[in-house]
Every structure is written in structure tokens, then in C-alpha cells.
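So the structure is just underneath, and the comments pick up after that.
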Amino acid sequence: MKVLAVLYKGGEAAKQEPRLLGTIENQLGIREWLESKGHTFVVTDDKEGENSVFQKNIVDADILITTPFHPGYLTGDLVAKAKNLKLCVTAGVGSDHIDLNACVDRKIQVLEVTGSNVVSVAEHVVMSILLLVRNFVPAHEMIERGDWMVSEVARNAYDLEGKVVGTIGAGRIGYRVLQRLVPFNCKELLYYDYAALPADAAKAVGARRVEDLKDFVSQCDVITVNCPLHEGTRGLVNAELLKHAKKGLWIVNTARGAICDKDAIAAALKAGQINGYAGDVWNVQPAPKDHPWRTMKNPIGGGNGMVPHYSGTTLDAQARYAAGTKSILENFFNDKPQEPANIIVGIGKYETKAYGQR
């Protein structure tokens, strides 16, 4: 079979660090194995436009492997051209870069390595909450400049203890965020999700469900976004919703950039309606150099904790999602059942409630 992988360019770092498995240089560690089985393996980071390696090769590829960190966007038009395509594998978590409805119609399976990055992302969320609440970035930038004016950074630094923190989405990542917040003695932990947590799970973290999103944001000092991107969550955090938010809200989004309206976030931060926004996901990846989230600030010059999409691609996570990708391929080649939790789209139907119409 022809296997096409869209991965990210690692450069000199990937040559020096072979554990950077998600790169075009280290190729998930599966080239030798695939070729020993007689398969053709095409790996690229060139994914934009009809003349890209991605779009030229998708027309006769049997299997597509992508990552959320440098996604090859498999649109409905490309699905129609991909006459041989049978399987899409996300080396990581999050398959919104694939037109899932088109794959349902074409009976193309879509799988991801569920759980491979949940700890990595949950840790990044907690780190991002703290750097916003403690006003860390402006404080560090002050030191780099050679300045020392404690009042300039302390005037917007707070404790996390005593704050109300809520997660939009309390699945594998959202719940782990709640677990990690328990020792901080927050005033309350809230969650907004289409499904309630099991009673024992909610009790274990002391979390309260709020079923109305506007009511949810009005109660929170900090919101973290941990839900998938699909038709129902695109633009979920927008200008209208932010009108109901508590003034000075901090937002952390490590789920998908398009869940938050980029212009509404930038405007709200500039106006001081929200105090900070952090995360590693962007509505287009790589983000254009003029993307407002790169440089947006609150009125006193802080509140930006944005980084490239890397929270789920630590070296530990890369080992997990590379191994998981190989396992999915082995099962597919040998006609063995897949792990149910990894299946997003089975043969002609959704196998998860995380995507598609509920």
C-alpha cells in the first residue's frame, strides 16, 4: 500500500534528538518497518496548495497519517480525489483537520491515538493558568530587558487559590486538569459538558456541573477549553458569550484554536474585558505572522501566553503516539479489530460522540 504522512519539519533539532518522532526527519520511527512489509512510505511537511506533495500524493494514497501539530487538511474535495484512501490516522489526538462527514460517506476509517497526549496537555493547561494568573510573561520580559520594577508586574499578579476555575469539556484532558487543580485550593471547580461526569468522578475532584454556558462563564475567574472542535463548538467562545463573562477572566485554550473566535478574543483582551489568553492552538497552523494572537496584549501590556502547538508533542507524548500509530497500522494490515477508543469514524459511521451530530 501507499502510506502518506504529513509531519512537521524538525530541522537540526530532529537530527540531534531522534526521539522527535513526529518530524519528517524521524518519520514516527516506522519507515524501515513499513518498507520491510512492501509498503511505499511518502513523508512530507509540504501541505499547502494543489502542487504540494500532500495534495499530489493523496490522489493514490491508501493510508494518510497526519498530526494535529502540522495538519494536512483533508477537505471534502480532497477526499473525493483520493480514490484509494481507506484509512486516516491522526498521530496524536484531534481529527478536526479531516472532513469526517466525507469520510463517513466514503467509508474511509478515521482513527487517532486516544490518550497519547492527555497528561502532556493537562500539565500544559495548569502551567498556562499559572503563568496568566501570576503575570509571569511580563515579569520575565522585564528581567530580559534589564529592568526591575516589581510594582509593574505585581499589580496584575494573583493567587490561584480562592479562584473559580471551570473547564469547557470534562473528558480525558478536562478531567485530568480538574484533578491537577485540586491541590491549589480553588474556591470552586466547575465544568460544562454535554454529559455529566459519573457521580464518583465528580465527587473525587469536587466539581460542579453548570449546564448553561453563559451562566458558566459568568461564574468563572479562569476558563480552560478542553473539548473537540466540531460543528457545535466552532466559534463557541465568541463576542456574544464574552459579554456574559466575569470581567478580568483568564482563558486557556489547548483544544483547538477555532473554538475561540480569534478577533473577539483579541478585542476583548485589548479592551481589558478579559485579562489574559494562553494556549498553543491556532485556527490555522502554522499561524500566519500577522495573526492577532501573536502580539495581542491587555491594557497594561500583559496577558498573552501563546506558544506554537506543542503541548501534546512532548518527547514522552511522541513516543506514545508513534507506538499507537504503528499499532493501528498493524491491526489494519492484519485485519484485526482496532482499540474501540481510537476509532473516530468506522465503516460508514461515527463511533464516538466527540464528533459529528449528537
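The values are calculated or read from the model by the stated rules, or taken from the named source; none is laboratory data. Keep in mind that what you see is a predicted model, and the values were worked out from it rather than measured. Heads up, the Cβs are rebuilt from the backbone with ideal geometry, glycines too, and the neighbour counts pull from every protein chain shown.
Checking the structure you have, find out if any residue of region 132-150 is over 18 Å from residue 248 (Cβ atoms), touching a residue at least 40 places away in the same chain (Cβ under 8 Å) and not in a helix (DSSP H, G or I). Scanning region 132-150, I find no residue that is over 18 Å from residue 248 (Cβ atoms), touching a residue at least 40 places away in the same chain (Cβ under 8 Å) and not in a helix (DSSP H, G or I), so the answer is no. Exactly one residue out of 93, 125 is in a helix (DSSP H, G or I) and among the aliphatic types (A, V, I, L, M): that is 125.
Of all residues in region 309-358, those being modelled with pLDDT under 95, aliphatic (A, V, I, L, M) and over 17 Å from residue 102 (Cα atoms) number 1.
This table checks each residue for (1) more than 19 Å from residue 21 (Cβ to Cβ); (2) not in a loop (DSSP other than H, G, I, E, B).
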{"site": "288", "(1), (2)": "yes, no"}
{"site": "299", "(1), (2)": "yes, no"}
{"site": "309", "(1), (2)": "no, no"}
{"site": "313", "(1), (2)": "no, no"}
{"site": "317", "(1), (2)": "no, yes"}
{"site": "320", "(1), (2)": "no, yes"}
{"site": "325", "(1), (2)": "no, yes"}
{"site": "352", "(1), (2)": "yes, no"}
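Restricting attention to region 46-72, the residues that are out of contact with any helix residue (DSSP H, G or I) (no Cβ under 7 Å at 6 or more places or on another chain) and under 15 Å from residue 92 (Cβ atoms) total 6. Among the residues making up region 332-350, those that are surrounded by fewer than 16 Cβ atoms within 10 Å (Cβ to Cβ) and in a helix (DSSP H, G or I) are 333, 340, 341.
One residue stands out in region 177-192 among those that are aliphatic (A, V, I, L, M) and surrounded by 18 or more Cβ atoms within 10 Å (Cβ to Cβ): the one that is farthest from residue 259 (Cα to Cα), namely 181. Taking region 25-43, which residues are in contact (Cβ under 8 Å) with a residue 40 or more places away in the chain and either assigned to a helix (DSSP H, G or I) or over 16 Å from residue 85 (Cβ atoms) (or both)? Within region 25-43, 28, 29, 30, 33, 34, 37 meet the criteria. For region 277-318, the set of residues classified as under 26 Å from residue 46 (Cβ atoms) and of a type in the set (A, V, I, L, M) consists of 281, 284, 287, 306, 307, 315, 317, listed by residue number.
What is the one condition in (1) out of contact with any strand residue (DSSP E or B) (no Cβ under 6 Å at 6 or more places or on another chain); (2) of a type outside the set (A, V, I, L, M); (3) surrounded by 15 or more Cβ atoms within 10 Å (Cβ to Cβ) that residue 83 does not satisfy? It fails just one condition, (3). Filtering 170, 195, 207, 239 for residues that are surrounded by 17 or more Cβ atoms within 10 Å (Cβ to Cβ) and within 27 Å of residue 97 (Cβ to Cβ) leaves a single hit, 170. For region 293-324, taking the residues that are touching an Asp or Glu at 6+ places or on another chain (Cβ under 9 Å), crowded, with 23+ Cβ neighbours inside 10 Å and hydroxyl-bearing (Ser, Thr, Tyr), the one that is nearest to residue 124 (Cα to Cα) is identified as 311. Does region 254-265 contain any residue that is small (Gly, Ala, Ser), farther than 24 Å from residue 122 by Cα and not in a loop (DSSP other than H, G, I, E, B)? Yes, region 254-265 contains at least one residue that is small (Gly, Ala, Ser), farther than 24 Å from residue 122 by Cα and not in a loop (DSSP other than H, G, I, E, B).
Determine whether residue 151 is of a type in the set (S, T, N, Q), in contact with a Ser or Thr (Cβ under 8 Å, 6 or more places away or on another chain) and at pLDDT 95 or above.
no
Taken over region 44-55, residues that are assigned to a loop (DSSP other than H, G, I, E, B) and free of Cβ contacts under 8 Å to residues at least 40 places away in the same chain amount to 7.
If you go through region 174-233 and keep only what is under 22 Å from residue 273 (Cα atoms), in contact with a helix residue (DSSP H, G or I) (Cβ under 9 Å, 6 or more places away or on another chain) and part of a helix (DSSP H, G or I), you end up with 213, 214, 217. Restricted to region 56-80, and to residues there that are more than 16 Å from residue 109 (Cα to Cα) and free of Cβ contacts under 8 Å to residues at least 24 places away in the same chain, the residue that is surrounded by the fewest Cβ atoms within 10 Å (Cβ to Cβ) is 77. Taking the criterion of being more than 16 Å from residue 321 (Cα to Cα) and in contact with a Pro (Cβ under 6 Å, 6 or more places away or on another chain), would at least one residue in region 26-40 satisfy it? Looking for residues that are more than 16 Å from residue 321 (Cα to Cα) and in contact with a Pro (Cβ under 6 Å, 6 or more places away or on another chain), one finds none in region 26-40, hence no.
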